[in-house]
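The values are calculated or read from the model by the stated rules, or taken from the named source; none is laboratory data. Model, not experiment: these values are computed from the prediction. Because the Cβ atoms are built from the backbone with ideal geometry, glycine has one as well, and the counts that use them run over all protein chains shown.
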Amino acid sequence: MSRAKLIKQLKEKNPQLNRYELENVLNILTESISFTLKNGGEVEIRGLGRWYCKKIKENFNARNPKTNELIYKPERLKVKFKSSKKLIKEINK
């Protein structure tokens, strides 16, 4: 689902809110999640799931597949999402 479709669905369920207000709510939600993850925290929304960061170790033996040249990949963070049991049950009904 795209961001525009999500805003359209929210507008149908909440006709008293205008499109600008709904976009602001979505922006605040995404900015809050990214800010928390940048600062090393976790975000959990009950019934939906949990976002967290996992460290990926540095790699000295990575190769560029095109030139077969050895490259160095520094340590980095990867965002992970673990869905809740409730969401999994809803999907598998």
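Would you confirm whether or not the range 33-46 contains a residue that is assigned by TED's automatic domain parsing to the domain that holds residue 7, within 20 Å of residue 3 (Cβ to Cβ) and in contact (Cβ under 8 Å) with a residue 40 or more places away in the chain? Among the residues of the range 33-46, at least one is assigned by TED's automatic domain parsing to the domain that holds residue 7, within 20 Å of residue 3 (Cβ to Cβ) and in contact (Cβ under 8 Å) with a residue 40 or more places away in the chain, which makes the answer yes.
Of the residues screened, residue 4 is not one that is of a type in the set (A, V, I, L, M), in contact with a Lys or Arg (Cβ under 7 Å, 6 or more places away or on another chain) and at pLDDT below 95. Looking only at residues of the range 69-89 that are part of a strand (DSSP E or B) and charged (D, E, K, R), we find that the one that is surrounded by the fewest Cβ atoms within 10 Å (Cβ to Cβ) is 78.
Of all the strands (runs of 3 or more DSSP E) wholly in the range 2-68, which have at least 2 residues that are of a type in the set (A, V, I, L, M, F, W, C) and surrounded by 11 or more Cβ atoms within 10 Å (Cβ to Cβ)? Give the steps one after another, and end with the answer.
Details: elements: 43-45, 49-56, 59-63.
Per the criteria, 43-45, 49-56.
Close contacts from the range 63-86, counting a first residue that is of a type in the set (A, V, I, L, M, F, W, C) and a second that is part of a loop (DSSP other than H, G, I, E, B) and surrounded by fewer than 11 Cβ atoms within 10 Å (Cβ to Cβ), with Cβ to Cβ under 6 Å and a gap of 6+ residues or different chains, come to 71/64.
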